[in-house]
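Peer 1: Dumping the structure here so I can ask a few things about it.
The values are calculated or read from the model by the stated rules, or taken from the named source; none is laboratory data. Note that the structure is a prediction, hence the values are computed from the model and not measured. Methodologically, a virtual Cβ is constructed for each residue, glycine included, from the backbone with ideal geometry; neighbour enumeration extends over all protein chains shown.
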Amino acid sequence: MRGLIASILGAALALASPLGHGGAQKYEPLSASVKASLHRAIADHAVPVLAFDDEREARSWLAAMSSRLAKRMPDRVAREEFLVTVHYEAKRAGLDPQLVLGLIQVESAFRKYAVSSAGARGYMQVMPFWAKLIGAADHNLFHLRTNLRYGCTILRHYLDIEKGNLFRALGRYNGSLGKAEYPNMVLRAWHGNWRYVPPAGSGTVQ
């Protein structure tokens with residue numbers, strides 16, 4: 001497994017897919033403590049790994065998600081690098097990796113260089129103001145891990161604001177709080193395309 005992950009992490013990423021439904025997070029003033037907390041979340045540099053209890057479960061998840069993503073990301077090594085990073089960043093932020101895949105499907109249709117009409121960038125359609133607010137002005141939001149780190153951290157922040165209400169947190173993420181269309185699209189993508197049943201005896205359905 002370590003050899004597989006090492007090869008994944010050393011790969012370059014290529015992508016082609018149809019248009020997504022990117023929106024735009026809205027700037028809201030943050031308290032100094034919240035800003036500092038989010039900055040610490042962005043700053044971590046640990047190497048992404050699949051956060052599973054055993055190698056069998058990790059391989060099962062990677063194989064299942066990879067087969068579903070193959071048409072959108074034909075390059076296997078690049079596809080697995082993407083999935084390992086999604087899994088790591090989602091788990092690190094306390095999010096379901098399959099939820100994050102559903103959000104990416106809706107936001108960017110898995111296009112690395114997607115840009116919305118509002119200027120949101122990359123897989124998770126992160127608005128550039130976040131880099132100055134909680135990161136660094138020179139952070140490249142088209143970089144795979146940087147984009148996923150910001151996107152997962154921001155969604156976690158919105159979930160905390162909304163006291164765990166995913167529907168409202170997704171509305172905030174897309175800049176459409178109070179409207180049902182976007183949250184419903186993400187939930188449909190999550191449950192319709194990215195549900196995962198672990199191998200027997202390894203855990204619960206995700």
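Peer 1: One residue is enough: does region 138-152 have a residue meeting the conditions surrounded by fewer than 17 Cβ atoms within 10 Å (Cβ to Cβ) and under 18 Å from LYS26 (Cα atoms)?
Peer 2: For region 138-152, residues surrounded by fewer than 17 Cβ atoms within 10 Å (Cβ to Cβ) and under 18 Å from LYS26 (Cα atoms): absent.
Peer 1: Among what's in region 187-200 and is part of a loop (DSSP other than H, G, I, E, B) and either charged (D, E, K, R) or touching a helix residue (DSSP H, G or I) at 6+ places or on another chain (Cβ under 7 Å) (or both), pick the residue that is modelled with the lowest pLDDT.
Peer 2: Top of the filtered list is PRO199.
This table checks each residue for (1) assigned to a loop (DSSP other than H, G, I, E, B); (2) touching an Asp or Glu at 6+ places or on another chain (Cβ under 7 Å); (3) under 14 Å from LEU99 (Cβ atoms); (4) of a type outside the set (Phe, Trp, Tyr).
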| residue | (1), (2), (3), (4) |
| --- | --- |
| ARG149 | no, yes, no, yes |
| CYS152 | no, yes, yes, yes |
| TYR158 | no, no, yes, no |
| GLY164 | yes, no, yes, yes |
| PHE167 | no, no, yes, no |
| SER176 | yes, no, no, yes |
| MET185 | no, no, yes, yes |
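Peer 1: Buried (at least 18 other Cβ atoms within 10 Å of the Cβ), under 22 Å from ALA43 (Cβ atoms) and at pLDDT 95 or above: is that true of LEU170 in this structure?
Peer 2: no
Peer 1: Also, quick follow-up: Report whether or not SER108 is over 10 Å from the mean Cα position of the chain (by Cα), hydroxyl-bearing (Ser, Thr, Tyr) and under 20 Å from ARG195 (Cα atoms).
Peer 2: Against the criterion (over 10 Å from the mean Cα position of the chain (by Cα), hydroxyl-bearing (Ser, Thr, Tyr) and under 20 Å from ARG195 (Cα atoms)), SER108 qualifies.
Peer 1: So which pairs qualify, if the first residue must be in region 53-74 and touching a residue at least 40 places away in the same chain (Cβ under 8 Å), the second must be charged (D, E, K, R) and surrounded by 12 or more Cβ atoms within 10 Å (Cβ to Cβ), the Cβ gap must be under 6 Å, and the two must be at least 6 apart or on different chains?
Peer 2: Here the result reads LEU69/ARG79; MET73/ARG79, each pair linking region 53-74 to a residue that is charged (D, E, K, R) and surrounded by 12 or more Cβ atoms within 10 Å (Cβ to Cβ).
Peer 1: Inside region 38-119, counting only helices (runs of 4 or more DSSP H) that do not spill past its ends, which hold 2 or more residues that are polar (S, T, N, Q)? Break it down stepwise before answering.
Peer 2: On the way: elements: 55-69, 76-92, 97-108.
By residue number, 55-69, 97-108.
Peer 1: Regarding ALA51, is this residue on the phi < 0 side of the Ramachandran plot and modelled with pLDDT under 80? Walk me through how you get there before you give the answer.
Peer 2: Values: on the phi < 0 side of the Ramachandran plot: yes; modelled with pLDDT under 80: yes.
Here the answer is yes, as ALA51 does meet what is asked.
Peer 1: Could you tell me whether any residue of region 123-131 is in contact (Cβ under 8 Å) with a residue 24 or more places away in the chain and assigned to a helix (DSSP H, G or I)?
Peer 2: Scanning region 123-131 turns up at least one residue that is in contact (Cβ under 8 Å) with a residue 24 or more places away in the chain and assigned to a helix (DSSP H, G or I).
Peer 1: If you go through region 3-12 one residue at a time, do you hit one that is surrounded by fewer than 18 Cβ atoms within 10 Å (Cβ to Cβ), modelled with pLDDT of 70 or more and more than 30 Å from SER117 (Cα to Cα)?
Peer 2: Looking through region 3-12, none of the residues is surrounded by fewer than 18 Cβ atoms within 10 Å (Cβ to Cβ), modelled with pLDDT of 70 or more and more than 30 Å from SER117 (Cα to Cα).
Peer 1: So which residues in region 65-99 are farther than 19 Å from LEU187 by Cα, surrounded by 16 or more Cβ atoms within 10 Å (Cβ to Cβ) and of a type in the set (Gly, Ala, Ser), if there are any at all?
Peer 2: The one that is farther than 19 Å from LEU187 by Cα, surrounded by 16 or more Cβ atoms within 10 Å (Cβ to Cβ) and of a type in the set (Gly, Ala, Ser): ALA78.
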